[in-house]
Ligand code: ATP
Ligand code: MG
């Protein structure tokens, strides 16, 4: 369904007596939870579809439909109560979005999500937009392994579908390791990417409305450890200005080419020779944008609500320098049941603690994040390094 009129906050559902408009989200993780908070702040009711009874978003939403993402009855129920529906995780079946879009406003659309779910389709899209990515080849069977160009090694073998947080990818030094890695990944269709010499990683988060209007956040500088985002730093000078401008321009071209509606994150590598290549896209708010909750006048979740509801988009303004630390399960100690020293952390100036309400810590599991804001990059970094030391996070 196309967006004909905005879903104004405070308006009523078309069913008499049904209460305020309801916005829905497929997926109940932390991104869904922060979307729900933003939507509720603006006076919408919310519905979350997620099979897990204890999902972080389901537990704070007005409605929680507990079923699989492709359950026809659950999807029909979501469509019945929601005026607009979005998604919070990449691997929500694109078919489910297409089904919902037959009767309801859905953003982002199934086509854009399907491209983001398939690394080969994604790279083809980057090519169409004229944005360079790492050299790669498709690996679908043993013949592809033997024919893969030697200059792609050493490389990284990534499954085409369903990878996240470094899962579904293996580093390979030579062809023998490539054969082994393909077997270890159950011979799923993969891409082999050349291992690039990275100087740094960064990302751009933008929001695009159905009318084509686009706004973006400042470029985020990201540090990954073991394939998982560990630290995001956002302040003047975090990335050389010319590269930042190029990243924003490339991200906008990628969104434009998808006729994208919603919040989109584009991840980039800056190579040691100073060139910029795109890594991948996420068709949703992104972990590297969580600082926007505390350091900007609008968060990425506020903009997700606005794009979904067809409301005006205004440029977000960052008012504080920010460093975000991801809080992963290992901070809960060897038994995964200790409480980290939040009191010491919260004694630091500009500390903003966000915990996602997950019942059980696991190593590598994203339990929350901590953003340190300040009026200068130096002050934000000093607080963040102190917080890292208190929590036992390696310095950066
Ligand atoms: P997520 O969805 O959580 O962002 P992912 O599992 O989809 O991650 P990628 O973004 O493809 O994985 O890769 C994870 C990290 O591995 C990158 O952020 C980067 O640090 C490293 N990496 C990936 N591809 C390359 C490459 N071609 N050369 C060098 N480093 C790479
Ligand atoms: Mg990534």
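The values are calculated or read from the model by the stated rules, or taken from the named source; none is laboratory data. Computed from a predicted model, the values in this text were never measured in an experiment. Methodologically, a virtual Cβ is constructed for each residue, glycine included, from the backbone with ideal geometry; neighbour enumeration extends over all protein chains shown.
Quick look at the values:
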{"item": "Scan of the range 262-302 for residues that are assigned to a helix (DSSP H, G or I), in contact with a strand residue (DSSP E or B) (Cβ under 6 Å, 6 or more places away or on another chain) and closer than 27 Å to residue 119 by Cα, ordered by number", "result": "287, 288, 289, 300"}
{"item": "All positions within the range 240-289 that are under 23 Å from residue 156 (Cα atoms) and away from ligand 1 (no atom under 15 Å from the Cβ)", "result": "274"}
{"item": "Residue, farthest from residue 227 (Cα to Cα), within the range 303-330, restricted to residues that are in contact with a strand residue (DSSP E or B) (Cβ under 9 Å, 6 or more places away or on another chain) and in a helix (DSSP H, G or I)", "result": "309"}
{"item": "Yes/no for residue 248 being in a helix (DSSP H, G or I) and under 23 Å from residue 116 (Cα atoms)", "result": "yes"}
{"item": "In the range 262-282, the residues that are more than 16 Å from residue 127 (Cβ to Cβ) and either more than 13 Å from ligand 2 (Cβ to nearest atom) or at pLDDT below 95 (or both)", "result": "262, 263, 264, 270, 271, 272, 273, 274, 275"}
{"item": "Within the range 290-324, tally of residues that are farther than 20 Å from residue 213 by Cα and within 16 Å of ligand 1 (Cβ to nearest atom)", "result": "2"}
{"item": "Within the range 375-396, tally of residues that are buried (at least 21 other Cβ atoms within 10 Å of the Cβ) and in contact with a helix residue (DSSP H, G or I) (Cβ under 7 Å, 6 or more places away or on another chain)", "result": "1"}
{"item": "Selection from the range 156-174 of residues that are touching a helix residue (DSSP H, G or I) at 6+ places or on another chain (Cβ under 9 Å) and more than 16 Å from ligand 2 (Cβ to nearest atom)", "result": "172"}
{"item": "Sole exception among (1) within 16 Å of ligand 2 (Cβ to nearest atom); (2) farther than 29 Å from residue 393 by Cβ for residue 149, by number", "result": "(1)"}
{"item": "Output for the range 115-139, where each listed residue is assigned to a loop (DSSP other than H, G, I, E, B) and either crowded, with 16+ Cβ neighbours inside 10 Å or within 15 Å of ligand 2 (Cβ to nearest atom) (or both)", "result": "117, 118, 131, 134"}
{"item": "Of the criteria (1) within 16 Å of ligand 2 (Cβ to nearest atom); (2) assigned by TED's automatic domain parsing to the domain that holds residue 249; (3) surrounded by fewer than 18 Cβ atoms within 10 Å (Cβ to Cβ); (4) closer than 30 Å to residue 97 by Cβ, which one residue 220 fails", "result": "(3)"}
{"item": "Per-region count, the range 155-190, residues within 14 Å of residue 137 (Cα to Cα), part of a helix (DSSP H, G or I) and within 16 Å of ligand 1 (Cβ to nearest atom)", "result": "1"}
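For every residue, the table says whether it meets (1) more than 16 Å from ligand 2 (Cβ to nearest atom); (2) surrounded by 15 or more Cβ atoms within 10 Å (Cβ to Cβ); (3) modelled with pLDDT of 95 or more.
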{"residue": "176", "(1), (2), (3)": "yes, no, yes"}
{"residue": "198", "(1), (2), (3)": "no, no, yes"}
{"residue": "214", "(1), (2), (3)": "yes, yes, yes"}
{"residue": "226", "(1), (2), (3)": "no, no, no"}
{"residue": "245", "(1), (2), (3)": "yes, no, yes"}
